[in-house]
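Some notes on the structure that comes next.
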């Protein structure tokens, strides 16, 4: 499978076109559970196919599940604030049930969530959307309600992962990759990179994963290898340099063209002035 | 009145006003909480299709029926966390047969007995397929169908919406006549004899 990255970048010298591609390999696994260690699982399924130029991307929900961050409805006792607040969230969102809201309050603090809700509501009145998710903590964006994760975790509320830096570093070290990332990708062309190991550019990985190589839940491909990422970045740098040179040349040519045009205009102006002066001279002599 | 007195009255008025606003907000939240629509799962078990035979061999027969479920709450989403069927025929009632039940969504049939959680809004119905298997290791299945009485079958649905999660239960009866008719329709059974 190949990922095609096409975009325009604004630089001080102008707009440059980036047109790159790289190979991405979705890895099929069994269902990973809280009994698995994510780094060991990647080692098990990817074996020696990962080189020191590759980046390993792993789905955030799978990392969370291997960390045991999922909760059964029977273990959650919703409180009144959770029962009330959940009513203000859209039905299709992950915080529309009192159970998900209660778990968010347990994780991030009831006061923090309630305060974020009040400030978010006021913000919304003044046209500032999304304040709640900024203020209520990371988990407010990452939480998956019932039916939001693949079976058998579809009957649980699943949080986002924690200790993400440690996780990506352990994956990178375990499999000997160039780097590792934890990604939250969906089919709506949205790819958030939660964490990346040193040397990996989140924005680039986000562009590469935009078409969701993890697939939907039933495809069981929670791991994706981005092949030759280091070379991709080298290509990107080369392309940026080449595009910058092209822009400089274009700018130089444009400047030269403008200078030529200015010189032509000046010349025409001088000729016109000379012609007018000559005409004036002729008319003066005729009058005399 | 002095300026101080006016200022004190003004402060009191502000305090009362702010207090009233806070009380109003809480009352509003409470009213919204009380009036919030609840998800209600309805199973149209009385409108189920007639039993049909799915498969048969010497000692085993499987029948199935189809019916719809729906979210009858208004402006609300219901999430079905689990749904399953059970036979209510104990061995004390009839000990020559064992019953097992499988429940599936018509749009997501699977053979592992697992019901994947799914969400649906009020309005569209979801078709379910309820399959029950009668197994009689000690004698012919047709003999068993001759002897067996009506079978009581249950449907359980565990769902959650804006309100607390709850489990609802429905029953239906698969009568001996209906089972015989299903066999008859499948052409394997006529007047208590194998074709």
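Summary table below
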| item | result |
| --- | --- |
| Descending principal axes extents, region A:66-132, alpha-carbon based, whole Å | 39, 26, 24 |
| Nitroxide proxy distance, nm - points 7 Å out along Cα→Cβ at residue A:258 and residue B:23 | 7.1 |
| Equivalent ellipsoid semi-axes, region A:150-288, via Cα gyration tensor eigenvalues times 5, rooted, Å | 69, 18, 11 |
| Pairs of alpha carbons in chain B whose separation is greater than 25 Å (percent) | 53 |
| Over region A:135-176 - Rg/Rh using Cα atoms and the Kirkwood inverse-distance radius | 1.12 |
| Folded to 0 to 90 degrees: helix A:164-175 orientation relative to chain A principal axis, Cα | 90 |
| Approximate spin-label separation residue A:35-residue B:152, in nm, with each point projected 7 Å along Cα-to-Cβ | 3.9 |
| Rounded to 10°, Cα long-axis angle of helix B:176-185 versus longest principal axis of chain B | 70 |
| Helix-only mean residue ellipticity at 222 nm for chain A, each DSSP H run of n ≥ 4 adding -39500 (n - 2.57), per residue, nearest 500 | -15000 deg cm²/dmol |
| Calculated SAXS-style log₁₀ I(q)/I(0) at q = 0.13 Å⁻¹ - region A:99-210, Debye, Cα scatterers | -0.64 |
| Region A:222-288: C-alpha pair distances exceeding 20 Å, % | 66 |
| Separation of alpha-carbon centers, region B:67-101 and region A:1-48, rounded to whole Å | 43 |
| At 0.890 mPa s and 25 °C, Stokes diffusion of the protein assembly as shown via Kirkwood alpha-carbon radius, µm² per second | 85 |
| Pairwise centroid distance, computed over Cα atoms, of region A:222-244 with region A:257-282, Å | 53 |
| Computed label-point distance, nm, for sites residue A:265 and residue A:129 using a 7 Å Cα→Cβ extension | 4.6 |
| Other protein chain Cβ atoms within 10 Å, averaged over every residue that makes up A:228-238 | 0 |
| Calculated over region A:33-147: convex hull of Cα atoms, volume per residue (Å³) | 135 |
| Between region A:69-143 and region B:120-195, the Cα center-to-center distance that results, in Å | 42 |
| Ranking of A:197, B:100 by count of other Cβ atoms within 10 Å, fewest first | B:100, A:197 |
| Chain A: most fluctuating residue of A:12, A:116, A:57 per GNM, C-alpha cutoff 10 Å | A:12 |
| Helix-derived mean residue ellipticity, 222 nm - over chain B, DSSP H n ≥ 4, -39500 (n - 2.57), to 500 | -8500 deg cm²/dmol |
| Modelled FRET efficiency - R0 60 Å, residue A:275 with residue A:247, Cβ distances, 0.05 increments | 0.90 |
| Descending Cα extents along the principal axes, chain A, whole Å | 115, 54, 28 |
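Here, each number is a calculation from the coordinates, and none is a lab measurement. As the structure is a computational prediction, the values presented were derived from the model and not from experiment. FYI the Cβ positions are ideal-geometry reconstructions off the backbone, even for glycines, and counts take in every protein chain you see.
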